[in-house]
Amino acid sequence: MVPTCRKRSVPKNIFTCDYPLLEVPPLDLDSYDYKVPVGKVKSREKVGKTTAKRDAFIICTVTRVMNEASMYFKRGCPKKGTIAVDKSMNMHRDLFG
């Protein structure tokens, strides 16, 4: 069970053995032509193609780096059979929803 945390913050225990990895973003992430402004869940702002590609690049890169860092720390876990390697945690849905 993933605990909820404050909006826009990463949980402090994300690099523990039993915490799941981040879910991989969809391949068509750069095709979204809008973003949801901070604090306005039900509104959308149009974005250009270049901005959409840049945002998708950042989201994918940060997700990959966070998962790699998490796996690095999980390799040192004392109980090898109990580490969570499933990519099931969606930052938006599970933490900020």
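Computed from the coordinates by the stated procedures, all read-outs in this text should not be read as laboratory data. Because the structure is predicted, anything quoted here is derived from the model rather than measured. Cβ placement follows ideal geometry from the backbone for every residue including glycine, while neighbour counts extend to all protein chains displayed.
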For this session: Sort all Cα-Cα distances of the range 25-95 into consecutive 10 angstrom bins from zero, then give the percent of pairs in each bin up to the one containing the longest distance.
Result: 16, 39, 27, 14, 5
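Provide the gained length on full extension for the span T16 to D28, in nm with one decimal, where the gain is 0.36 nm per separating residue minus the Cα-Cα distance. List each step's numbers first, then the result.
Values: separation 12, 0.36 × 12 = 4.32 nm, distance 3.02 nm.
Gain on extension, T16 to D28, equals 1.3 nm.
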Exercise. Between R64 and K35, 0.36 nm times their residue separation minus their Cα-Cα distance comes to what?
Worked result: 8.3 nm
For this session: Excluding residues fewer than 8 places away in the same chain, name every one of the lysines whose C-alpha is closer than 26 Å to that of K87.
Result: K7, K12, K35, K53, K74, K79
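Cβ neighbours within 10 Å, averaged per peptide: list 11-20, 27-36 in order, most packed at the top. Don't skip to the end; give the middle numbers.
Working: 11-20: 15.0, 27-36: 12.3.
Per-residue mean Cβ counts within 10 Å order the peptides as 11-20, 27-36.
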